[in-house]
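Asks: Please see the structure below; I have some questions.
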Amino acid sequence: MRRIATRSGRGQIVVLVSLVLPVLLGAVALGTDISIFYFNWTQLQKAADAAVIAGANYLPSNPSLAQQTTDQYAEMNGIASSEIVATTVASDDLSIQIQAKRTVPYYFARVLGLSTGAVAVKATAGLQASNSANGLVPIGLQYNTPLTTYQTVTLKLAPAQGSVGPGNWEPLAMGYTPNSDPGGANYKTNLENGYNSTINIGDQIYTETGNLVGPTQQGINYRLSQGSTTDSGGTASNHTLNDPRVIEIPLVNFSDINGSSQVPVMGFAELWISSVNGAGNITAEFINQVSAQNTPSSSAPQYGAFSVVLMQ
């Protein structure tokens, strides 16, 4: 009787295993297909994110180049051109989106009659005004100066009475404090290379008194020379993002300054320098551009210097 019972139990187990095994194998198979789908989705999403971030660097001034760059980076990161559904720039030129779709084959789900499935992703990158900046050129511009894209402006030009205030033109003494004076040569160095520290909206910067014709000519001519060498065909509307002729300056409030004074930073602007004359006055064009060294803020005022943020 015991032998009969044992054989009966074993038979039941075999039956149960035969019933459960297909379910287990199906679950493993389905999990494998899901893993393949997830891998492809992750690959597509990362590539799409990187692509729109790269493309947004050319907004808002060059939306066509932004689209072209986005598609190029998408393909460089593993998205086939046939998988790009659409690349679109917003009507205000402040954001760009890419949509991609990939057909992924099923392997084990074929037993259920499924041969392929679609993986779709979407990524959007946009611009925010900059709340802080690094690499600024030590020349200020009155913050309420009307500016439009490609408008010509003159920096360090003495206004009607010869200055923006007694003893001042527009140079700034970046890095100077009453307890730390980096010296006069610091102004020329900062013109050539940009100030190597972060300045935030709301910070107070000391003015650099005097007209400083010589250092201004030397610093700007250095940038013009470097730009002509590295990007000989560059213009205000078509240039590499790191062209030395692109400068970022703080917009400040020069009201009521007298001698060595402090001025508040109100925002930041990007300019393309064209020339400097014998009086040290700089001719430049206002441009809207992204700077990789800036920090974005949704509440910062928009004066033309932007940072890229991934929005979706």
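Matching residues to (1) among the aliphatic types (A, V, I, L, M); (2) within 29 Å of the chain's Cα centre (by Cα); (3) assigned by TED's automatic domain parsing to the domain that holds residue 219:
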position	(1), (2), (3)
168	no, no, yes
171	no, yes, yes
179	no, no, yes
184	no, no, yes
187	no, yes, yes
195	no, yes, yes
199	yes, yes, yes
203	no, yes, yes
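Asks: Can you pull out every residue in region 253-274 that is surrounded by fewer than 22 Cβ atoms within 10 Å (Cβ to Cβ), in contact with a strand residue (DSSP E or B) (Cβ under 6 Å, 6 or more places away or on another chain) and charged (D, E, K, R)?
Replies: Hits for region 253-274: nothing passes.
Asks: So residue 280 fits all but one of (1) small (Gly, Ala, Ser); (2) more than 25 Å from residue 59 (Cα to Cα); (3) in a strand (DSSP E or B); what number is the exception?
Replies: Unmet condition: (3).
Asks: Sort through 215, 250, 244 and tell me the only one that's in contact with a strand residue (DSSP E or B) (Cβ under 8 Å, 6 or more places away or on another chain), surrounded by 16 or more Cβ atoms within 10 Å (Cβ to Cβ) and not hydrophobic (A, V, I, L, M, F, W, C).
Replies: Unique residue meeting the criteria: 250.
Asks: Out of 244, 264, which single residue is closer than 21 Å to residue 187 by Cα and not in a loop (DSSP other than H, G, I, E, B)?
Replies: That would be 264, the only listed residue that is closer than 21 Å to residue 187 by Cα and not in a loop (DSSP other than H, G, I, E, B).
Asks: Look through 207, 230 and report the one residue that is assigned by TED's automatic domain parsing to the domain that holds residue 174, surrounded by 19 or more Cβ atoms within 10 Å (Cβ to Cβ) and more than 23 Å from residue 152 (Cα to Cα).
Replies: So the residue among 207, 230 that is assigned by TED's automatic domain parsing to the domain that holds residue 174, surrounded by 19 or more Cβ atoms within 10 Å (Cβ to Cβ) and more than 23 Å from residue 152 (Cα to Cα) is 207.
The values are calculated or read from the model by the stated rules, or taken from the named source; none is laboratory data. Worth saying up front: this structure is predicted, and the values here are computed from it rather than measured. When we count neighbours, we look across all protein chains shown, and the Cβ atoms used for this are built from the backbone with ideal geometry, even at glycine.
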